[in-house]
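A short worksheet on the structure shown next.
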Amino acid sequence: MDDDGIHDTIKRLVAEEHSIWSAATASDEDHERLRQIGESLDQCWDLLRQRAARREAGDDPNTAKSRPVDEVEAYLQ
């Protein structure tokens, strides 16, 4: 996936997240989906950072790979 595709995914996930938050009440399923969205967003941002780093180093950004949720979620912010 290229940068534009990743940005499109981020926009879609953020729109879904806002839609859930704007509802009057959130079900257990909504809370679970919000957790999943957060994890997916973290993976997308990580992939964008990897691509930028590879590009800056003169490497092919298309060799960047999405990392597992448990790895991305363990990063210190």
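Every read-out reported here was derived from the displayed coordinates using simple, explicitly stated rules and does not represent laboratory data. Here the structure is a predicted model, which is why all the values come from computation and not from measurement. Note: ideal-geometry Cβ built from the backbone for every residue, glycine included; neighbour counts use all protein chains shown.
Percent of Cα-Cα pairs per 5 Å bin, from 0 to the last occupied bin, for segment 1-55, please list those. In order of increasing distance, the bins hold 4, 20, 25, 20, 13, 9, 6, 2, 1 percent.
Helix-only estimate, please: 222 nm mean residue ellipticity of the chain, summing -39500 (n - 2.57) across DSSP H runs of length 4 or more and dividing by its residues, to the nearest 500. Could you put the intermediate results ahead of the total?
Working: 3 runs with 53 residues, N = 77.
One gets -23000 deg cm²/dmol as the mean residue ellipticity at 222 nm.
Here the contact order of segment 3-72, divided by its residue count and restricted to Cα pairs under 8 Å and six or more residues apart, works out to 30 percent. Approximating the spin labels as points 7 Å out from Cα along Cα→Cβ, the Asp8-to-Ala23 distance works out to 2.6 nm. Subtracting the Cα-Cα distance of Glu56 and Arg33 from their residue separation scaled by 0.36 nm leaves 4.8 nm.
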